[in-house]
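Below is one structure, written out as structure tokens; comments come after it.
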Amino acid sequence: MKADTANQAKPREIASVIRRILAENGRDYFWHYVFAVVCLVLVAGTTAFTAWIMRDVIDQIFYRHRGDLVALICLSIFGAFVIRGLATYGQAVTLAKIGNNLVARYQQRLFDHLMRLGMGFYNDTRSGQLAAQVNENVNGVRDLLSMTLTSIARDAVSLVGLVAVMVIQDPFLSAMSLLIGPPLIYAVAYLMRRLRRATREAVQINSRLIGAMQEATQGIAIVKAFTMEDVLSKRIGGLVAAAEQRANRIARVSERLNPIAEVLAGFAVSGVIAYAGYRATVGGQPPGTVFAFITALLLAYDPARRLARVQVGMERALVNARMIYEILDLKPQQHDAPDAAALRIERGEVRFEGISFGYAADAPVLRDVSFVAEAGKTTAIVGASGAGKSTLVALLQRFYDLDAGAIVIDGQDISAVTKKSLRGSIAYVSQQPYLFEGTIRDNIRYGRLSAADAEIEQAAGLAAADEFIRQQPQGYDTEVGENGVTLSGGQRQRLSIARAIVRDAPILLLDEATSALDNESEARVQQALGEVMHQRTTIVIAHRLSTVVNADRIVVLDQGRLVEQGTHAELLADPDGVYARFHRLNGGAGLGLVDDRGAGQDEAQPEAPATRRSRSSKAAGRTA
């Protein structure tokens with residue numbers, strides 16, 4: 001019963017998706033569709049005419065020997081074929097142009113929508129699988145419309161016209177031949193129930209397969225370094241086998257319609273010929289009517305077969321189209337407030353007021369964190385891995401919305417300003433530099449698209465990147481390869497720093513910006529950053545002591561809480577402090593910031609919250 005209900009709901013589901021596609025795009029293609037429909041109707045009409053004229057060909061030319069009608073009949077047949085050829089070409093080209101434009105339109109629409117979705121969506125979605133799914137499924141929208149139009153305007157009209165010819169020629173033979181309709185409809189309904197689930201599973205497995213292949217090729221260095229070739233080959237092999245199995249199942253189910261249709265059609269045609277032959281031999285009926293009827297019946301077989309199979313194609317197209325709309329229907333979780341205004345930076349003071357946040361409701365990452373990054377000064381954030389340092393930087397850029405508290409820039413709550421103006425006021429250097437397809441110059445210019453070539457080269461010089469750039473084969477116009485594969489990690493990081501420099505924003509965020517640099521390069525970049533950071537509000541996340549010691553204020557996080565803040569000297573003055581312990585563990589030479597509890601949680605218990613609050617209060621008092 002449930003299966004029958006689902007089967008009855010399916011045509012409504014297909015109609016619903018088609019209505020949505022037409023509502024979104026129909027007006028733009030209206031006249032194109034009108035032209036395509038006219039062409040398809042001409043194809044259908046000339047097909048029916050070919051069957052109709054066969055009676056006159058047999059009776060008038062061959063039976064009654066009307067030589068005066070030969071030229072007229074031949075010219076009419078020739079004209080019908082010319083019209084049919086031109087109409088077929090016109091509808092094919094028009095539908096192809098519409099389909100290609102639909103694919104391009106939905107690809108652009110999908111990308112624009114994906115750019116509006118929040119970071120939470122990407123945390124839960126594999127990028128390779130998403131790209132494969134989008135690339136594979138976007139054709140479903142085109143196929144759904146194309147099959148609907150051709151099945152109605154060409155096949156349905158052709159079938160109606162040919163059936164009309166059959167009925168006019170011989171109603172009794174028409175009734176006999178149409179007896180194959182109900183069994184064919186039942187066969188299609190049965191096959192669709194079997195095909196529906198297999199089609200969706202095949203799409204999902206293929207997207208996983210393509211995504212896994214993409215990830216393996218992108219991480220080929222790690223694959224080879226850890227000798228993961230056999231493991232990944234086995235994993236890919238399993239996906240390949242599953243995809244092959246689903247494809248074979250779809251082929252077996254969908255192609256069953258052909259032998260069923262052939263058997264039914266053969267039964268109808270042979271029965272008609274037998275009965276017509278009996279009437280011709282016994283009753284002396286002229287053969288023209290029978291030939292015209294048989295011609296119409298044979299010509300009707302193709303559109304009838306295509307109409308029977310259109311449900312198979314629509315099943316696949318519907319699955320693809322629905323998966324596209326599943327993405328398009330995702331609502332961006334972060335919206336600008338209705339009355340959001342552009343952020344105005346006057347001084348650049350950033351206040352974190354009682355910040356609490358967790359990626360999951362039951363797993364808070366930050367708990368009631370409050371501090372001030374003073375305007376035009378450098379604030380360093382240190383702490384053990386997982387303390388919440390990078391999360392603070394992400395929250396400042398509104399990649400996520402706060403669970404509690406507020407972030408205020410020059411008296412303006414960032415939740416009340418537009419995200420575009422907020423992020424346009426921030427230059428960001430991440431600990432994992434990412435380069436895009438294009439040249440070195442293009443990648444630096446992403447910081448500010450209006451930057452002149454001279455500004456780009458100046459920024460590269462400040463980031464200690466100009467020398468190695470000029471050593472590249474085409475200098476600044478050298479292609480960087482996929483994610484900068486032709487460059488070292490330190491070189492990619494320096495280009496990322498140059499991109500931040502050319503942005504010329506009042507707030508600078510450095511998330512372990514020098515972690516990939518050697519000592520000499522780090523020294524040069526630190527000097528350059530010192531110039532860039534001058535009179536800019538800078539928030540630095542760093543493990544190396546050289547980046548922290550000169551900060552105007554150091555904020556220490558521990559397990560999502562602010563436990564200390566002050567200058568380097570003030571924090572070292574408390575020998576029991578977390579910062580001082582980090583310093584001792586690294587011999588004063590750098591901050592690896594691996595908490596002494598990290599080696600074994602059983603060896604030392606965390607400080608009591610009251611103790612940390614007390615130390616934090618003392619530090620706050622010293623720096624107030």
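The values are calculated or read from the model by the stated rules, or taken from the named source; none is laboratory data. Note that the structure is predicted; figures quoted are calculated from it, not measured. Note that each Cβ is placed from the backbone with ideal geometry, even for glycine, and that neighbours are counted across all protein chains shown. Ligands, DNA and RNA are excluded from the accessible area calculation, which covers all protein heavy atoms including side chains. Shrake-Rupley method; radii C 1.70, N 1.55, O 1.52, S 1.80 Å.
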Let me spell it out: the conditions are (1) in a loop (DSSP other than H, G, I, E, B); (2) farther than 27 Å from Leu130 by Cα; (3) not hydrophobic (A, V, I, L, M, F, W, C), and Asp368 meets all of them except one. Which number is the exception? (1)
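Quick check on my filter: what residues within segment 167-199 are hydroxyl-bearing (Ser, Thr, Tyr), modelled with pLDDT under 75 and either farther than 30 Å from Arg109 by Cβ or touching a strand residue (DSSP E or B) at 6+ places or on another chain (Cβ under 8 Å) (or both)?
Within segment 167-199, Ser177, Tyr186, Tyr190 meet the criteria.
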All but one of (1) open to solvent by 10 Å² or more (accessible area, probe 1.4 Å); (2) farther than 30 Å from Phe582 by Cα; (3) touching a Leu at 6+ places or on another chain (Cβ under 9 Å) hold for Val480; state the number of the condition that does not hold. (1)
I'm trying to understand the selection: among the residues of segment 113-159, which are open to solvent by 60 Å² or more (accessible area, probe 1.4 Å) and either under 10 Å from the mean Cα position of the chain (by Cα) or touching a residue at least 24 places away in the same chain (Cβ under 8 Å) (or both)? Met115, Arg116, Met119, Asn123, Arg126, Ser127, Asn135, Arg142
Of the residues in segment 15-49, those that are open to solvent by less than 60 Å² (accessible area, probe 1.4 Å), under 20 Å from Asn139 (Cα atoms) and hydrophobic (A, V, I, L, M, F, W, C) number 5
Gly376 being assigned to a loop (DSSP other than H, G, I, E, B), of a type in the set (Gly, Ala, Ser), open to solvent by less than 20 Å² (accessible area, probe 1.4 Å) and modelled with pLDDT under 90: no
Does Arg492 qualify as being of a type in the set (D, E, K, R), free of Cβ contacts under 8 Å to residues at least 60 places away in the same chain and surrounded by 21 or more Cβ atoms within 10 Å (Cβ to Cβ)? yes
Tally the residues that are open to solvent by 40 Å² or more (accessible area, probe 1.4 Å) and hydrophobic (A, V, I, L, M, F, W, C), restricting the search to segment 160-179. 9
When Thr88 is run through (1) without any contact (Cβ under 8 Å) to a residue 12 or more places away in the chain; (2) of a type in the set (S, T, N, Q); (3) surrounded by 16 or more Cβ atoms within 10 Å (Cβ to Cβ), the failure sits at (1)
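Residues checked against (1) within 19 Å of Ile539 (Cα to Cα); (2) touching a Ser or Thr at 6+ places or on another chain (Cβ under 8 Å); (3) not basic (Lys, Arg):
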position	(1), (2), (3)
Ala387	yes, no, yes
Asp401	no, yes, yes
Ala406	yes, yes, yes
Val417	no, no, yes
Val429	yes, yes, yes
In segment 312-355, how many are in contact with a Ser or Thr (Cβ under 8 Å, 6 or more places away or on another chain), assigned to a helix (DSSP H, G or I) and not hydrophobic (A, V, I, L, M, F, W, C)? 2
Tell me, yes or no, whether segment 242-257 has at least one residue that is open to solvent by 60 Å² or more (accessible area, probe 1.4 Å) and farther than 30 Å from Gln214 by Cα. yes
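From Asp442, Asp518, grab the single residue that is open to solvent by 10 Å² or more (accessible area, probe 1.4 Å), touching a helix residue (DSSP H, G or I) at 6+ places or on another chain (Cβ under 8 Å) and among the acidic types (Asp, Glu).
Result of the check over Asp442, Asp518: Asp518.
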Does Asp329 qualify as being open to solvent by 30 Å² or more (accessible area, probe 1.4 Å), out of contact with any helix residue (DSSP H, G or I) (no Cβ under 9 Å at 6 or more places or on another chain) and not polar (S, T, N, Q)? yes
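Filter segment 281-302 down to the residues that are surrounded by 23 or more Cβ atoms within 10 Å (Cβ to Cβ) and at pLDDT 75 or above and list them by number. Spell out how you get there, then give the answer.
So the first thing to find is which residues in segment 281-302 are surrounded by 23 or more Cβ atoms within 10 Å (Cβ to Cβ), and the list is 290, 292-293, 296-297, 300.
Those that are surrounded by 23 or more Cβ atoms within 10 Å (Cβ to Cβ) and at pLDDT 75 or above: Ala292, Phe293, Ala296, Leu297, Ala300.
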Yes or no: segment 271-278 includes at least one residue that is touching a Lys or Arg at 6+ places or on another chain (Cβ under 6 Å) and modelled with pLDDT under 75. no
Starting from segment 44-59, take each residue that is over 12 Å from Ala164 (Cβ atoms) and list its partners that are outside any helix (DSSP H, G or I), counting only C-beta distances under 7 angstrom and pairs at least six apart or across chains. Asp59/Pro286
Looking at (1) farther than 19 Å from Val369 by Cβ; (2) part of a helix (DSSP H, G or I), which one does Glu437 not meet, given that it meets all the others? (2)
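Please specify each residue of segment 234-282 satisfying the condition of being of a type in the set (Gly, Ala, Ser) and within 27 Å of Pro171 (Cβ to Cβ).
Ala261, Ala265, Gly266, Ala268, Ser270, Gly271, Ala274, Ala276, Gly277, Ala280
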Do you know which of the residues in segment 356-365 that are in a loop (DSSP other than H, G, I, E, B) and small (Gly, Ala, Ser) is modelled with the lowest pLDDT? Ala361
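May I ask you to verify whether Val408 is in a strand (DSSP E or B), farther than 27 Å from His583 by Cα, at pLDDT 90 or above and of a type outside the set (Phe, Trp, Tyr)?
yes
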